[in-house]
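Single-structure report; data block below.
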């Protein structure tokens, strides 16, 4: 997932980056939706068959990845592998393109590339103040979003709804976010969009808790979907924002740290969701506050 985001963001111009970045996210959600169907079909089978049902598609994916995925030409050029970068560009572009040939002729030589501008590496996250400050802010925000993104569907059991239906609806709610996110990125300020989105998601989580306590289950579930919807939009916004904040040479590492913060937030979810056993639906209030 992380490398897919980096590769696709480097193959398009900045104009198309918000839309292109949503492609792997949308495919990820479709895979997430399929898990509910697999779990339903395998509910009476052994866990071994469940592993088999999920491993076989992954094996085909790995074969497809090996055969058809190309390396980032920008990264190859920065590493000094100009010939390989040019070969990748030719394979990606239509044949006999005069414009591509003119661009290739203007590429600096390997020794010229190494002399231009400062060089960066993963250690710059900790040495350079600007990099450390940026990645720290990104990880804190992503940690809060991860708690809400993974925790809200997990705590849906506290609301009296069918578990298979709730998981499917949560996945369906994600699909419109891939249309809304590029619109927000192209028309509005990134920080303002993220701030308003997280505040709305936090308020939705608190309202879900209040309505659940009052016994209005269906309305509470709609606010649960709203909280998850805002968590997904926040995740999408941060993913694109993060790609834009770091240079190519450390972008993969930044994406991995971004993903790691999201997963660590998700690891805290079972502990928070367990609170709902003693205090019904209070976990939604915690998820909403953590997002805000």
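The values are calculated or read from the model by the stated rules, or taken from the named source; none is laboratory data. Here the structure is a predicted model, which is why all the values come from computation and not from measurement. Virtual Cβ from ideal backbone geometry, glycine too; neighbours counted across all protein chains shown.
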Among (1) closer than 20 Å to residue 40 by Cα; (2) at pLDDT below 85, the one test that residue 130 misses: (1)
Boolean, residue 256 is buried (at least 19 other Cβ atoms within 10 Å of the Cβ) and either closer than 30 Å to residue 10 by Cα or at pLDDT 85 or above (or both): no
